Amino acid sequence: MDGRGGDAFFPAMSAIGRGEEPNPLTCIEDITVKEPDKTGWESYCGKYEPDPDDDYIDEIFMKDGELYAKVVTDMRYRYETKLYPLEGNTFGIKEYEVEITFSDGCMSCDGEMVRKQSAAHN
């Protein structure tokens, strides 16, 4: 089960409590683009500005032909997670129901825009 299951739990219970059908659970694999165009994925790779007050994506990198993120939690726990292509330059992860979108030297994660660090900071 991915993070979408946890995010869907309380709205589903609320719907059931109102006598309504809950929305069906959608896993990240259900909405992933099956054969994405990986052109440009390398340009997303690099370290990004940290947010010391919250969980943040520290770095994007390629591994086995797929994009991955190094995540640092607000408790300073670090882990790697695969990015799942959703559409164009937008990706999702299993752990949380967030969208990560890349643009010119920037990354937006759940509405928070951060810049890629210059090579001198890497």
Cleavage-rule hits (trypsin sites (Lys or Arg not before Pro)) in segment 38-78: DSSP loop, at most 11 neighbouring Cβ within 10 angstrom:
76
If I model a spin label as a point 7 Å beyond the Cα along the Cα-Cβ vector, how far apart are those points for residue 20 and residue 73 in nm?
3.2
For the chain, whose charge dipole is built from +1 on Lys and Arg Cβ atoms and -1 on Asp and Glu Cβ atoms, the candidate among 102, 92, 117 with its Cα farthest towards the positive end is 117
Area accessible to solvent at residue 14, 1.4 Å probe radius, in Å²:
50
What number, in percent, do you get for the relative contact order of the chain if the mean sequence gap of Cα pairs under 8 Å and at least 6 apart is divided by its residue count?
21
Relative contact order, percent, of segment 71-122 when contacts are C-alpha pairs under 8 Å separated by at least 6 residues?
17
Counting each DSSP H run of 4 or more residues in the chain as -39500 (n - 2.57), what helix-only mean residue ellipticity at 222 nm follows after dividing by all residues, to the nearest 500 deg cm²/dmol?
-5000 deg cm²/dmol
Give me the percent of accessible area attributable to carbon and sulfur for segment 5-122, probe 1.4 angstrom.
50
Given the Cα-Cα distance of residue 82 and residue 39 and 0.36 nm per residue of separation, how much length would full extension add, in nm?
13.7 nm
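Rounded to whole Å and ordered largest first, report the semi-axes of the equivalent ellipsoid of the chain derived from its Cα gyration tensor (root of 5λ).
Values for the chain, descending: 29, 18, 12 Å.
The values are calculated or read from the model by the stated rules, or taken from the named source; none is laboratory data. Keep in mind the model is a prediction, meaning the values are calculated, not measured. Virtual Cβ from ideal backbone geometry, glycine too; neighbours counted across all protein chains shown. These accessible areas exclude ligands, DNA and RNA; they are computed on the full protein's heavy atoms, side chains included. Shrake-Rupley method; radii C 1.70, N 1.55, O 1.52, S 1.80 Å.
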